[in-house]
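Okay, so here's the structure we're looking at.
Each reported figure results from applying straightforward, stated rules to the coordinates on display, with no laboratory input. In this text, all values refer to a predicted model and were calculated from it rather than measured experimentally. Please note: Cβ atoms are built from the backbone with ideal geometry, for glycine as well, and neighbour counts cover all protein chains shown.
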Amino acid sequence: MPKGSPELTNARKEEIIAACRKLYETMSFKDITLKEIGQQTSFTRTSIYNYFETKEEIFLALFAREYELFTKDLDGICAGSETLSREELASALAHALERRPLMLKLLSMNLYDMEENSRMERLVAFKSAYGASKDALDRCLKKFCPRLDEKGRQTFLYAFLPFVYGLYPYNVVTEKQRLAMQEAGISYVYMSTYEMAYDFIRTLLGGLQ
């Protein structure tokens, strides 16, 4: 790590992460390189290595930011109301997911590569951000679903979390995929992230309470 103020270090990290995010809007994960990311920053490409060793570490930091925002949304749900019905909680959680399309994309498309090609300390930092969101979700369940015991909340979490992994591929279908399904005789009904998440969460809560 280069010498400098913590403010400068954090500012440069954030600039690198922002550059990665911008590229990911129009490029695929596999096509983005450290060179491409460096061209979007105000300092030399080789300086990136002072902060991140691989592009996967940059993506993992971006992913952690998304989980931090998701946690903030969940804490907002918990703090915003004294009581919520099953339908209201399902709607609030579905909206929280709807606001995080980048998180859902990274989760579904590139998680393995990011984790496999990042140093342990980077992975631990990411897992901490992920764990905080899981804890925030559990706090929502404790507050708004008081009849759920610890086992019931665990059942919810370990049904909800795998479900979230599959949201992005169902909601974002390319034209090539549509044509392939059409030729295969598979009907496709579009549902938004909110619609799919709301139906799932409401049904899951109804079965547990």
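For the residue pairs Lys30/Lys134; Lys105/Lys127; Lys35/Lys134; Lys13/Lys143; Lys30/Lys105; Lys22/Lys127, alpha carbon separations beyond 25 Å are given by Lys30/Lys134; Lys35/Lys134; Lys13/Lys143.
Panel order for Ile77, Ile186, Ile58, by other beta carbons found within 10 Å of each beta carbon, from fewest to most: Ile186, Ile77, Ile58.
Cα centroids of the range 9-76 and the range 166-206: 29 Å apart. Sparsely packed loop sites in the range 1-75 (the chymotrypsin sites (Phe, Trp or Tyr not before Pro) outside DSSP H, G, I, E and B with at most 14 other Cβ atoms within 10 Å) comprise Phe43. Remark on Val173: its backbone amide H falls under 5 Å from none of the residues 5 or more positions apart or on other chains, H modelled at 1.01 Å from N. Restricting the range 104-209 to chymotrypsin sites (Phe, Trp or Tyr not before Pro) that sit in a DSSP loop and have at most 15 other Cβ atoms within 10 Å of their own Cβ leaves Tyr188, Tyr190.
Placing +1 on the Cβ of every Lys and Arg and -1 on the Cβ of every Asp and Glu, with no other charges, gives the range 137-184 a dipole of roughly 300 debye about its Cα centre. Listed by Cβ neighbour count within 10 Å, with the fewest neighbours leading, Val173, Val124, Val189 appear as Val189, Val124, Val173. Look at the alpha carbon pairs under 8 Å that are at least 6 residues apart: their mean separation over the length of the chain gives a relative contact order of 25 percent. Along the axis of the charge dipole computed for the range 1-51 (Cβ charges of +1 for Lys and Arg, -1 for Asp and Glu, origin at the Cα centre), the listed residues Ile16, Phe29, Thr44 are led at the positive end by Thr44.
For the chain, a Gaussian network of Cα nodes joined below 10 Å ranks Ala125, Ala180, Ala159 by mean-square fluctuation, and the top entry is Ala180. Under a Gaussian network description of the chain, with springs only between Cα atoms under 10 Å, the residue in Glu57, Glu82, Glu68 that fluctuates furthest is Glu82.
Spin-label model, Val173 to Lys151: label points 7 Å out along the Cα-to-beta-carbon direction sit 3.9 nm apart.
Straight-distance candidates among the aspartates and glutamates for linking to Lys142, with alpha-carbon spacing under 13 Å and chain neighbours fewer than 8 residues away dropped: Asp75, Glu82, Glu150. Taking R0 as 25 Å, what FRET efficiency do you get between Lys134 and Glu87 from their Cβ-Cβ distance, rounded to the nearest 0.05? Once the sixth-power term is evaluated, E becomes 0.60.
The convex hull built on the alpha-carbon positions of the range 1-51 has an orientation-averaged projected area of 3.3 nm². The loop-placed trypsin sites (Lys or Arg not before Pro) in the range 27-62, going by DSSP, that have at most 13 neighbouring Cβ atoms within 10 Å of their Cβ come out as Lys30. Build a GNM of the chain with springs between Cα atoms under 10 Å: which of Glu15, Glu87, Glu175 gets the top mean-square fluctuation? Ranking Glu15, Glu87, Glu175 by mean-square fluctuation puts Glu175 first. Based on alpha carbons, the Rg and Dmax found for the range 56-208 are 16.7, 51 Å.
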